[in-house]
1. For segment 278-295, which residues satisfy the criterion of being assigned to a helix (DSSP H, G or I) and open to solvent by 10 Å² or more (accessible area, probe 1.4 Å)?
2. Which of the residues belonging to segment 296-330 are open to solvent by 30 Å² or more (accessible area, probe 1.4 Å), closer than 25 Å to Pro22 by Cβ, small (Gly, Ala, Ser) and at pLDDT 95 or above?
3. Only residues in segment 172-195 that are within 25 Å of Thr144 (Cα to Cα) and at pLDDT 95 or above count as the first member; pair them with residues that are buried (at least 18 other Cβ atoms within 10 Å of the Cβ) and not hydrophobic (A, V, I, L, M, F, W, C), Cβ under 6 angstrom, at least 6 apart or cross-chain, and list the lot.
4. Does Ala255 count as free of Cβ contacts under 8 Å to residues at least 40 places away in the same chain, touching a Leu at 6+ places or on another chain (Cβ under 9 Å) and either small (Gly, Ala, Ser) or surrounded by fewer than 15 Cβ atoms within 10 Å (Cβ to Cβ) (or both)?
5. I'd like the full set of residues that are polar (S, T, N, Q) and surrounded by 17 or more Cβ atoms within 10 Å (Cβ to Cβ), limited to segment 201-249.
6. Among the residues of segment 173-180, is there at least one that is open to solvent by less than 10 Å² (accessible area, probe 1.4 Å) and not in a helix (DSSP H, G or I)?
7. Could you please find all residues in segment 186-215 being of a type in the set (Asp, Glu) and farther than 13 Å from Val290 by Cα?
8. Mind checking which residues of segment 125-142 are crowded, with 19+ Cβ neighbours inside 10 Å and either out of contact with any helix residue (DSSP H, G or I) (no Cβ under 9 Å at 6 or more places or on another chain) or small (Gly, Ala, Ser) (or both)?
Amino acid sequence: MERRTIGAGALGVGAVGLGCMPMSWAYTGSQQRGEDSMRTVRAALDEGSSLLDTADMYGPFTNELLIGRVLKERRAEAFVSTKCGLLVGEQHIVANGRPGYVKRACDASLRRLQTDTIDLYQLHRADPEVPVEETWGAMADLVTAGKVRALGLCAVGARASRRAGAGVGLHDATIRQLERVQQVFPVAAVQAELSVWSQEALDSLLPWCAARGVGLLAAMPLGNGFLTGTLTPGQGFEPDDVRARHPRFTAEMMAANQPLVVGLRRIAERHDATPAQVALAWVLAQGPQVVPVPGTKRERWARENAGAAGVRLTPEDLAVIAALPPARGSWD
């Protein structure tokens, strides 16, 4: 399979990664089954999707435990990415970037993942009460100690940027954080939403990464499942599913955004592929340092997603996608 690099450390990963969050967090809990999820992780590794992306807050903790059961058998095949910096309470999530906590969190993740080294350790969110340089310095100490190979940063949430008002770039706050932490220790990768229906990272964040040899992990490259063409407007979601509260998953907005799926499906027919594979191929076409990380908890979808690496979109295909109407949501 095609390999891609993350950051200056030239950490090779498969062209398409595996987002493990849906296996135990944010999506329909009634469909989360440990044995099914382990088969999904194994299938992804079988297909060359070496990057496994998780976080200590997913579950919390249970996602890392699940991944650790597979890593115990197949650590050499995997590129392990996990995150720290967020604590999950009964009704809230808070940031904790205190250096002592970050180091304890890393040790706990290593135990759950059943590994001696984390390939990419990401800061999930900066703590507003702790200078981000202090948090990043503690993470850099973990590299020196051999517990972590490289460091990454997750982009500031899109809704927070939108609340900042007109004239503020969606990733301006993230780039400011990146500029600060880059002075402390090199950034190997940035994780941010990037998909056919959410292209804002192309404006400033991806150029920033490309100019500095920093990888970009494309989160939600299938638009939370919408771009797969398998969802029906008005189908509804269980209350614990993040899409039940997402502004683009109301029945009205799902119907309004169907032209995006129709366009992807037409291209897919020409390539003997699926809409999901075309959506992932579009993300891969944005640059050699971009790695889509689609989330799934099903073996079938993990194998299909990995197959997107073999879909080569033509200039005409890319022009068709560029001409598709922008996605609408309740914030528009």
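1. Filtering segment 278-295 down to residues assigned to a helix (DSSP H, G or I) leaves 278-284.
Within segment 278-295, Trp282, Leu284 meet the criteria.
2. Gly307, Gly310
3. The qualifying pairs are Ala188/Gly7; Ala188/Gly9; Ala188/Gly152; Ala189/Gly7; Ala189/Gly152; Ala189/Gly215.
4. Numbers: free of Cβ contacts under 8 Å to residues at least 40 places away in the same chain: yes; touching a Leu at 6+ places or on another chain (Cβ under 9 Å): no; either small (Gly, Ala, Ser) or surrounded by fewer than 15 Cβ atoms within 10 Å (Cβ to Cβ) (or both): yes.
No.
5. Asn224, Thr228
6. First, pick out the residues of segment 173-180 that are open to solvent by less than 10 Å² (accessible area, probe 1.4 Å): 174, 178.
If we keep only those that are not in a helix (DSSP H, G or I) as well, we get none.
No, there is no match, as no residue in segment 173-180 is open to solvent by less than 10 Å² (accessible area, probe 1.4 Å) and not in a helix (DSSP H, G or I).
7. Here is the first cut: in segment 186-215, the residues of a type in the set (Asp, Glu) are 193, 200, 203.
Once the filter is applied, which keeps residues that are of a type in the set (Asp, Glu) and farther than 13 Å from Val290 by Cα, segment 186-215 yields Glu200, Asp203.
8. Correct list: Arg125, Ala126, Ala138.
The values are calculated or read from the model by the stated rules, or taken from the named source; none is laboratory data. Nothing here was measured: the structure is a model prediction, and the numbers come from that model. Using ideal geometry, Cβ is built from the backbone for each residue, glycine included, and neighbour counts are taken over all protein chains shown. Accessible surface areas use protein heavy atoms only, side chains included; no ligands, DNA or RNA. Shrake-Rupley method; radii C 1.70, N 1.55, O 1.52, S 1.80 Å.
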